[in-house]
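Below is one structure, written out as structure tokens, with a few remarks after it.
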Amino acid sequence: MLLDVKSLTKRFGGLTAVSNVAFGIERGEIIGIFGPNGSGKTTTLSLIAGILKPTSGVILWKGNDISNLSPFEVAQQGLVKTFQNPQLFPELTVVEHMRIACHLHIKRELGIGRLRTLIGGMPVGLDRLLEQKIDQVLALCRLSSQRNEHAAALSYGGEKMLGVAMGMLCEPELLLLDEPASGLGHDEIANLDAVLRDLKSHGVTLCIIDHKVGFLGRLADRSIALHHGAVIASGKTSDVLADESVVAAYLGKKHA
Ligand SMILES: Nc1ncnc2c1ncn2[C@@H]1O[C@H](COP(=O)(O)OP(=O)(O)O)[C@@H](O)[C@H]1O
Ligand SMILES: [Mg+2]
């Protein structure tokens, strides 16, 4: 198993945001995480990505406990999380953002110790290699035509896609996506769907949060549903979405 999460719990003071959550991810899958607002979805992914430290529980990545690593160390292992709203620099272009995001790739290429030697210029060949890599990822994310546009000129969907593209430059084996479809229009969602299927066919395993069920219902092979921080259903996505407790969590018991 690529990722194995066991009895994961996170408390903020008196509030238990994530409660005893357990699930696994196999290489090559698309896993969905559903749940209403406040159900603990973002906190769960932030714990896996090392952005938050668990109160208790274990996160195994290829069998090794990563629950005490920094986000940078986790990303270096091939586990990368994108943000619901990427923080971009309005006055920088798409390709300039991509160059900033290359730092992990550079570090992996050279070893962290040698990063210092980069100051004052990159070794011959490496910057050309990175530009090639950037072009590949931009094409994969359908951003090639916006290469030289300022981030300020991007649509909301374009901004979020740039966030995904920047995550891809870290060469993730598992990409964790926090509500990539939220706020997008119909065409942007269709575009996102196609991009994510392409990422999967390029060998990236995906774990995707969605708050609404439509988009991810079609995409995810398997899903878990959270409510008040706990897993209330898991398994085949269509079964999870039809589960009585999941319907009740979304609509309230009366409607279920
Ligand atoms: N840093 C934090 N400090 C205190 N409470 C938090 C923090 N982050 C999240 N929470 C709380 O934890 C619960 C789960 O939040 P979150 O994981 O963001 O839910 P979701 O992503 O499913 O909407 C919510 O009640 C939220 O208010
Ligand atoms: Mg969230």
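Counting only protein heavy atoms and a 1.4 Å probe, tell me what percentage of the chain's accessible area is made up of carbon and sulfur.
Values: 6410 of 11950 Å².
Carbon plus sulfur share of accessible area: 54 percent.
By how many nm would the segment from Glu149 to Glu96 lengthen if fully extended, with 0.36 nm per residue of separation less the alpha-carbon distance?
Extra length from Glu149 to Glu96 when fully extended: 18.1 nm.
Cα axis of helix 186-201 to longest principal axis of the chain: angle in degrees, 0 to 90, nearest 10?
Result, in degrees: 80.
Just the number please: accessible area per residue for the chain, 1.4 Å probe, all protein chains included, in Å². The partial results should precede the final answer.
Details: 11950 Å² over 256 residues.
Solvent-accessible surface per residue comes out at 47 Å².
Could I have the simple spin-label model distance between Arg197 and Asp4, label points 7 Å from Cα toward Cβ, reported in nm to one decimal?
Result for the modelled spin labels: 3.3 nm.
Considering only Cα-Cα distances, which of the following residue pairs are longer than 30 Å: Lys133/Lys212; Lys41/Lys236; Lys41/Lys200; Lys53/Lys200? Present the calculation step by step, with values, prior to reporting the outcome.
Numbers: Lys133/Lys212 33 Å; Lys41/Lys236 18 Å; Lys41/Lys200 21 Å; Lys53/Lys200 28 Å.
Cα-Cα > 30 Å for Lys133/Lys212; rest within.
If you look at just the Cα atoms of the stretch 148-256, how large are its Rg and its Dmax in Å?
Calculated on Cα positions, Rg and Dmax stand at 15.6, 52 Å.
Report the full-extension gain for the segment Lys53 to Ser238: residue separation times 0.36 nm, less the Cα-Cα distance, to one decimal in nm. Working shown, then result.
On the way: separation 185, 0.36 × 185 = 66.60 nm, distance 3.20 nm.
Contour length minus Cα-Cα distance gives 63.4 nm.
Testing the spin-label approximation: label points 7 Å from Cα along Cα→Cβ at Ser182 and Arg11. State their distance in nm.
Taking the simple label geometry, Ser182 and Arg11 are separated by 2.6 nm.
So for the chain, what are the equivalent ellipsoid semi-axes in whole Å, largest first, each being the square root of 5 times an eigenvalue of the Cα gyration tensor? Let's see the in-between values first.
Details: eigenvalues 208, 98, 47 Å².
Three semi-axes, in Å: 32, 22, 15.
On C-alpha positions alone, give me the angle between the axis of helix 126-140 and the longest principal axis of the chain, in degrees, nearest 10.
The angle comes out at about 40 degrees.
The values are calculated or read from the model by the stated rules, or taken from the named source; none is laboratory data. Being a predicted model, the structure only gives us computed values, none of them experimental. Counting neighbours? That spans all protein chains shown, and the Cβs are built from the backbone with ideal geometry, glycine included. To get the accessible areas, we keep the full protein, side chains included, count just its heavy atoms, and leave off ligands, DNA and RNA. Shrake-Rupley method; radii C 1.70, N 1.55, O 1.52, S 1.80 Å.
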